[in-house]
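One structure below.
No lab work stands behind these numbers, since they all come straight from the coordinates. The shown structure was predicted, so the numbers you read here are calculated from the model rather than taken from an experiment. In this analysis, Cβ positions are derived from the backbone assuming ideal geometry, glycine residues included, and neighbour counts consider all displayed protein chains.
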Amino acid sequence: MNTTEVRIVEVGARDGLQNEKTLLPADVKIALIDRLSSTGLKTIEATSFVSPKWVPQLADAAEVFRGIRKVPGVSYPVLVPNEQGYQRARDVGATEIAVFTAASEAFNQKNIHASIDESIERFIPVLERAKADGVKVRGYVSTVLGCPYQGDVPVGDVVRVARRLYELGCYEVSLGDTIGVGTPAKARAMLHAVAQELPISALAVHFHDTYGQALANILACLDEGVRVVDSSVSGTGGCPYAKGATGNVASEDVVYMLHGMGVHTGIDLDLLIATGAWLAAQLHKETASRVTKARTAV
Ligand code: HMG
Ligand code: MG
């Protein structure tokens, strides 16, 4: 791989915490994001303005977003499913949002009660308002390497949905292996297919580590040319619609691998490990990061 730099998109405060059984109070979430801001991360997904009935873990999104220290040069995107979410995000001053849909119809119905096309229809006014307001929009495509209901997901469906999000104005499209079933050759082939239609510089990869394949998948995708990787400190999270699905690959493990390869992330690994260990203690669980386990073993 011939690169010197990779950007990590830290999704622990959103993707991680939305799936944790332990409900953290807003001040702990704020402390988490503030700690992450001091590690050198440049993109920290802060929270989610979805329906609190569906994701009670992040019902305090407004309080959290208002409370965090906004470090200059760091972006704090928030998840938005519809116009109502967009308004809530703008009311507290969000300047970057993320919209989400899936490559699998069955998954979308369970997750957001809409078909793929319906979910995209919902985004159109959000994207129009974002453009007018100068708000940056990231897009997620879920279930790119498998669906808990449908099983295999044709690569053509991933390409179609990713292309649509890009055409609608998403500056970056994150390809999500939501349930962590992918393996390196499949991951690479999927990315290659999407990169035939979208610039690779507009793509990110988002792996959950259910089957322990996430680092191998990331490496395969770095070889294919991707330079943006989503991960979650301490590997927190899961997926309510996929039994046994774990959180995102741990940020500490991705950063350790990249630094070991001589790739710069701008992140202080020691500070990230300290944050991961602190978060695991707040959640009363063992960290899912192998690096943090190794470095904090007594
Ligand atoms: P709905 O329930 O299907 O229908 O919501 P609705 O639009 O008619 O709304 C029903 C109620 O929700 C109404 O309230 C609305 O006002 C309220 P009521 O009249 O019953 O009192 N509502 C809202 N409240 C606050 N904020 C909003 C909002 N919208 C509606 N934005 C909806 C559809 C999409 C909103 C809902 O299904 C939802 O919020 N789902 C959450 C799904 C979610 O967050 N999933 C996890 C994120 S995706 C993910 O994690 C994957 C990713 O990490 C990538 C990967 O791993 O692949 C990104
Ligand atoms: Mg995810």
By the scheme Lys and Arg +1, Asp and Glu -1, what is the net charge of all other residues having a beta-carbon under 14 Å from that of ALA281?
-> +1
Percent antiparallel among DSSP beta bridges confined to the chain, nearest 5, equals 10
Rounded if a/c is under 1.5, else prolate if a/b is larger than b/c, else oblate: which is the stretch 142-269, with a ≥ b ≥ c the root eigenvalues of its Cα gyration tensor?
-> oblate
Determine the principal axes of the Cα atoms in the stretch 236-298, then give the extent along each, sorted from largest to smallest and rounded to whole angstroms.
-> 37, 26, 17
Whole-number percent relative contact order across the chain, with pairs defined as alpha carbons under 8 Å at least 6 apart | 20
Sequence ranges 262-273, 230-241, 197-208, ranked by mean other-Cβ count within 10 angstrom, highest first | 230-241, 197-208, 262-273
Viscosity 0.890 mPa s, temperature 25 °C, Stokes-Einstein D of the stretch 33-107 from Kirkwood C-alpha radius, µm²/s | 188
Distance check, please: which entries in LYS42/LYS293; LYS110/LYS285; LYS243/LYS285; LYS21/LYS285; LYS29/LYS243 exceed 21 angstrom between their Cα atoms?
-> LYS42/LYS293; LYS110/LYS285; LYS29/LYS243
Taking Cα centroids, how far is the stretch 62-90 from the stretch 93-146 in Å?
-> 16
For the pair ARG7 and LYS110, how long in nm is the line joining their label points, each one 7 Å along Cα→Cβ?
-> 3.2
Here the gain from full extension of ASP91 to ASP223, 0.36 nm per residue of separation minus their alpha-carbon distance, amounts to 43.4 nm
Rank by packing, highest mean first: peptides 243-256, 162-175, 121-134, with packing defined as the count of other Cβ atoms within 10 Å averaged across residues.
-> 243-256, 162-175, 121-134
Helix-only [θ] at 222 nm, the chain, -39500 (n - 2.57) per DSSP H run of 4+, per residue, nearest 500, equals -12500 deg cm²/dmol
What helices in the chain pass both tests, a Cα length along the helix axis of 27 Å or more and a mean Kyte hydropathy of -1.0 or higher, using whole DSSP H runs?
-> none
Packing-ranked peptide list from 61-73, 177-189, 38-50, 143-155, highest mean Cβ count within 10 angstrom first, is 38-50, 177-189, 143-155, 61-73
From the P(r) of the chain, can you give the percent of Cα pairs sitting at distances over 24 Å?
-> 46
Quick one: putting +1 on the C-beta of Lys and Arg, -1 on the C-beta of Asp and Glu, what dipole do you get for the stretch 7-296 around its Cα centre, in Debye to the nearest 20?
-> 300
